[in-house]
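J.: Dropping a structure here in structure tokens format, bear with me for questions.
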Amino acid sequence: MFRIQIIWIVLMLTVALMSAAMIYAKSWPGLAAAIMGFSVAKFLLVAFYFMDMKGANVAWKAILIAFSGLLGAVVILMK
Amino acid sequence: MNVSDTAVDNSALPGQKSFYYPPGGLLMWIVILLELFTFGIAIVIFMYSGRQEPEVFHSSAARLDVMMGSVNTVVLLTSGYYMARAVEFYRTGRKLFKTQLLLTLLAGLLFIILKSVEYTHKIGQGLTLGSNTFFDFYWMLTGFHLIHVLTGMVILLWWMYTAHKRPRETALSHLETGAAFWHLCDLIWLLLFPVLYLIY
């Protein structure tokens, strides 16, 4: 239970960080990659800890990691 | 095959989880993967369109309210947090699980209210479906996501109404399935928010 609270705090901090980056670092060339990186990290944190995929078969974990990583990479490359 | 039936077997070999046990059940996870792939393909097409019309996408994205999108993200992630707590509380027999579930629903309702405010604002500005390619995607993607949130709320309300009529194990399995669908809404939004609001 304590771990879920920690994950929630981490998620809130990343949302705040992304919003702050949009305001204060808008001209930074690596912003899109950083935003997608944080988004993929949040995606995996929700899937593994909130959805409890940590306890699932490794195939399901691999599918989720591959999907989010691939989509994040495609978005960055197509930006 | 019942969705809940798939969530029982969790021991293929000692120390190895069965492929047929993702939390929430196999059938729900097939739905989740199909949904994720569908939204994923839509996002790739959105990005491709952005390369065709970079000026339109840049100026349109600038008209979205990043702060409102961030608040919506916080609200939805908080609802996911309460959902995870509700499942854990029910699993361990704690009475406060109903409070957690109600907080989940309240956060879901707040998300819908905030989204409605944002939609009203956009309609007031004349930024509707058909305004340009960016806003076509904006309305379609966020609209379908909103339908998923509404569906998730109906599933959870149905569970609250019927859980006491079922054996505890079945009710737990159904709650895990509903929770998996609810978290799907989180996952989809975590992909939509940066792509629509932030990276252009």
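J.: I'd like the FRET efficiency for B:Leu106 and B:Thr128, computed as 1/(1 + (r/R0)^6) with the beta carbon distance as r and R0 of 35 Å, rounded to 0.05. Before the final figure, lay out the partial values.
T.: Numbers: r = 30 Å, r/R0 = 0.84.
So, using R0 = 35 Å, E works out to roughly 0.75.
J.: Among B:Glu53, B:Glu118, B:Glu176, whose mean-square fluctuation peaks in a Gaussian network model of chain B (Cα, cutoff 10 Å)?
T.: With Cα springs under 10 Å in chain B, the top fluctuation among B:Glu53, B:Glu118, B:Glu176 is at B:Glu53.
J.: Cβ under 9 Å from B:Phe97's Cβ, B:Phe97 left aside: what net charge do those residues give with Lys, Arg +1 and Asp, Glu -1?
T.: On the way: positive: B:Arg85, B:Arg91, B:Arg94, B:Lys95, B:Lys98; negative: B:Glu88.
Summing Lys/Arg as +1 and Asp/Glu as -1 gives +4.
J.: So what is the orientation-averaged projected area of the range A:2-78, using the convex hull of its C-alpha atoms, in nm²? Walk me through the numbers on the way to the answer.
T.: Numbers: hull surface 21.7 nm².
It is 5.4 nm².
J.: Using DSSP H assignments, which helices in chain B have an axial alpha-carbon span of 20 Å or above and a mean Kyte-Doolittle hydropathy of -0.5 or higher?
T.: Qualifying helices, which must be both long enough and hydrophobic enough, are B:26-52, B:66-91, B:97-124, B:133-162, B:168-193.
J.: Still on this structure, please answer the following. What is the local net charge at B:His145, summed over the other residues whose Cβ is closer than 14 Å to its Cβ (Lys, Arg +1; Asp, Glu -1)? Walk me through the numbers on the way to the answer.
T.: Working: positive: B:Lys115; negative: B:Glu35, B:Glu118, B:Asp186.
Surrounding charge for B:His145 is -2.
J.: Student exercise: in the protein assembly as shown, how many lysine pairs 8 or more apart or on different chains have Cα atoms under 16 Å apart? Mind dumping the intermediate values first?
T.: Numbers: A:Lys26/A:Lys79; A:Lys42/A:Lys54; A:Lys42/A:Lys61; A:Lys54/B:Lys17; A:Lys61/B:Lys17; B:Lys98/B:Lys165.
Count of close lysine pairs: 6.
J.: Ok, one more. State the extension gain, in nm to one decimal, for the chain segment bounded by A:Leu17 and A:Val74, taking 0.36 nm per residue of separation less the distance between their alpha-carbons.
T.: Details: separation 57, 0.36 × 57 = 20.52 nm, distance 2.26 nm.
Contour length minus Cα-Cα distance gives 18.3 nm.
J.: Treating the Cα atoms of chain B as identical point scatterers in vacuum, please give the log10 of the normalised Debye intensity I(q)/I(0) at q = 0.08, 0.11, 0.12, 0.16 Å⁻¹, two decimals.
T.: For chain B at q = 0.08, 0.11, 0.12, 0.16 Å⁻¹, log10 I(q)/I(0) is -0.32, -0.58, -0.67, -1.02.
J.: If you place +1 on the Cβ of every Lys and Arg, -1 on the Cβ of every Asp and Glu, and leave all else neutral, what size is the dipole of the protein assembly as shown about its Cα centre, to the nearest 20 Debye?
T.: Numbers: 19 positive and 13 negative charges, 132 e Å.
Value, rounded to 20: 640 debye.
J.: With angles folded into 0 to 90 degrees, how steeply does helix A:2-24 sit against the dominant principal axis of chain A? Use alpha carbons for both and round to 10.
T.: 10
Rule-based calculations on the coordinates, nothing more; no lab input. These numbers were taken from a predicted model, which means no experiment stands behind them. Heads up, the Cβs are rebuilt from the backbone with ideal geometry, glycines too, and the neighbour counts pull from every protein chain shown.
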